[in-house]
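The values are calculated or read from the model by the stated rules, or taken from the named source; none is laboratory data. Note that this is a predicted model, so its numbers are computed, not measured. Glycine gets a Cβ as well: all are built from the backbone with ideal geometry, and neighbour counts include every protein chain shown. All accessible areas refer to the heavy atoms of the entire protein, side chains included, with ligands and DNA or RNA removed. Shrake-Rupley method; radii C 1.70, N 1.55, O 1.52, S 1.80 Å.
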Amino acid sequence: MRVNASAGSKQARLSETRGGVTVVVLAAGKGVRMNSRIPKVLHPVAGRPMLLWSMVAARVLDPERTLVVTNPSQDGIQAALNGEGQTVPQREQLGTGHALSQVSAEHRTTGPVIVLYADAPLLRGETLKRLLAEHRASEAAVTLLTAMLDDPRGYGRIIRARNGVFRRIVEEKDASDAEKQIHEINSGVYCFRGRDLWPALQKLENKNRAHEYYLTDVVALIKGKLDTMLVGDAREILGINDRRQLAQAEHIMRERILDDLMLRGVTITDPGSTFVDADVSIGQDTVIHPFSTITGHSVVGQDCVLGPMTQIRDSTLGDGCRAERSHLEHVKIASNVAIGPFSRLRPGTELAEGVHIGTHTEIKNSKIGAGSAVPHFSYLGDAVVGANVNIGAGSITANWDGFEKNVTEIGDGVYVSCDTIFVAPVRVGSDATTAADTVVTKDVPAGSLAIGRADMKIVEGYTARRRARRNASKAAKK
Ligand code: UD1
Ligand code: CA
């Protein structure tokens, strides 16, 4: 195959190492060892599908193109990529070398081709940058990222000549006992010179125990200088093949995220019991207490105190908020809001500045105005509550009539006494009051009092009469 007409000239050699970078992410594998119905590369690590970690790392290189080799029969990959990169289908999973050979002629550039495996989410963009720089400096035909592992089981081993020159990679399945003793492993991150890669790939065979086309074999088929670069932190190259490795990756990633947050001025009292996803942002001087998780695309402001035992998912919190032993999901909270302990804020809830949510309160799809309080044992669903409203203990909205959800509107400054039930749809005008134990079944005009309960009766001498009756019956039995 003729790849470059002027491949011999100095000029061409320069463009082959210095030209635009092509990144190829291999993501089509079966992931058998995961024992899952979900494609391996979609399993999340710190809240992000594994595959996206490779995409994020690759971005650092500012590549000319990023190709993702995918299995067209696996669902959800396109959605996860969300338009990033160009997919290349691999219809049959015949090995990593076969996966790379699916790249079509138009994308077979002569310049640097970086190949990544989508099951290695811990790889840092900075490491890729160093690899590319090393590749450009040495003008090698391939520069391989290797690592030294105490326990190299499961990885391809790096075979070197006596003088230390890198020769080839042997897969564990095909390794001799002596080769299995080698601790230097193939990370699965390669920087090839395109000119040398594509012709060598054509020559690949599947004569090995697994009968797969191994990308690792292409290295020995390449005519030209072979170079290696040892990764600084061996934890970066962890490949996820099963769920034990998934848990390891999660653990390492979590440490990284928490370290970064702490260096940016967030206090985490117990990193061992705190979980924060990669796409969460948290402001300065916020304190997170133990057994708390902040996940999804949450944004937390400055000077907040969260936890202990608080779960926040895909929510936004302003500055100076507190949330203790509570669950927040898809909610929007302004500044200086206090929540909990033991409250649950469900999707669509919006709390304005200075709202106070106390204990055992559930709020769903409701807006609560500034300075309002829902301090104890309440349920508000589909409610629009104004500013400076007090919702007394035990008050609830009856928003579901068995057929549909109905809205309760409560104006500014309303005083809701304990145990009020709002039978929606219903409106309460501003500055109105409801008496305790009122069932609000019709609209309440502004400034008025709604009392909707049976009058209290007093039965005088009741206790004495009961006592006398009991004593009389005891005496009769004797
Ligand atoms: C591979 C390497 C091994 C290296 C290790 C690092 C080969 C032959 N072996 O082994 O030397 O030490 O990674 O983690 O390359 N894939 C496809 N199509 C396929 C097969 C795989 O796209 O037909 C993708 C997978 O989705 C995965 C990646 O390639 O992201 C690696 O495949 P995997 O089967 O996990 O390779 P390992 O056995 O881990
Ligand atoms: Ca792997």
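Just to be sure I understand: of the beta bridges DSSP finds with both ends in the chain, what percent are antiparallel, rounded to 5?
20
Pick out, from Leu197, Ala137, Tyr155, the residue whose Cα sits farthest towards the positive end of the charge dipole of the chain, with +1 on the Cβ of Lys and Arg and -1 on the Cβ of Asp and Glu.
Tyr155
Provide the packing ranking of 109-119, 446-456, 170-180, 313-323, i.e. peptides ordered by the mean count of other C-beta atoms within 10 Å per residue, highest first.
In descending order of packing, they fall as 109-119, 313-323, 170-180, 446-456.
Mind giving me the FRET efficiency for Asp151 and His330? R0 is 30 Å, r the Cβ-Cβ distance, nearest 0.05 is fine.
0.10
For the chain, what is the charge dipole size about the Cα centre, in debye to the nearest 20, if Lys and Arg each add +1 at the Cβ and Asp and Glu each add -1 at the Cβ?
1460
Sorted by accessible area (1.4 Å probe), largest first, how do His360, His211 line up?
His211, His360
Using a cut-off of under 17 Å, list every residue of the stretch 65-87 whose amide N is near the label point 7 Å from the Cα of Ser104 along the Cα-to-beta-carbon line.
65-72, 85-87
Amide H of Gly318 versus every other amide H placed in the peptide plane: which residues, excluding those fewer than 5 positions away on the same chain, fall under 5 Å?
Counting only residues 5 or more places away or on other chains, the set is Gly301, Ile333, Ala334, Ser335.
Roll a 1.4 Å probe over the protein heavy atoms and report the accessible area of Arg427 in Å², nearest 10.
130
Applying 1/(1 + (r/R0)^6) with R0 = 56 Å to the Cβ-Cβ distance of Glu353 and Asp62, what FRET efficiency is obtained, to the nearest 0.05?
0.85
How far is helix 462-477 tilted off the main Cα axis of the chain, in degrees rounded to 10, range 0 to 90?
So the helix axis and the longest Cα principal axis differ by about 90 degrees.
Please give the length that would be gained between Phe291 and Ala137 if that part of the chain were fully extended, namely 0.36 nm times their separation in residues minus their C-alpha to C-alpha distance (nm, one decimal).
The Phe291-Ala137 span can extend by a further 50.6 nm.
Helix 50-59: angle to the longest alpha-carbon principal axis of the chain, degrees 0 to 90, nearest 10?
60
With a 1.4 Å probe and all protein chains kept in place, how much accessible area does Tyr462 have, in Å² rounded to the nearest 10?
120
Need one number: nm distance between label points at Asp303 and Gln78, each 7 Å from Cα along Cα→Cβ, rounded to one decimal.
About 4.9 nm separates the two model spin labels.
Take Leu230 and Arg467, extend 7 Å from each Cα along the Cα→Cβ direction, and tell me the distance between the two endpoints in nm.
Label at Leu230, label at Arg467, 9.1 nm between them.
Which distance in nm do the two modelled labels at Ala435 and Lys129 give, with both placed 7 Å along the Cα-to-Cβ direction?
7.2
How much space per residue, in cubic angstrom, does the convex hull of the C-alpha atoms of the chain take up?
Measuring per residue, one finds 247 Å³ for the Cα hull of the chain.
If I ignore ligands, DNA and RNA and count only protein heavy atoms, how much of Thr463 is accessible to a 1.4 Å probe, in Å² to the nearest 10?
Surface open to solvent at Thr463 totals about 80 Å².
Measure nothing fancy, just the Cα-based angle from helix 243-263's long axis to the longest principal axis of the chain, in degrees from 0 to 90, nearest 10.
70
If contacts are Cα pairs under 8 angstrom and at least 6 residues apart, what is the relative contact order of the stretch 11-237 in percent?
RCO, the stretch 11-237: 25 percent.
Stretched out fully, how many nm does the piece from Arg243 to Asn208 gain, at 0.36 nm a residue minus the Cα gap?
9.9 nm
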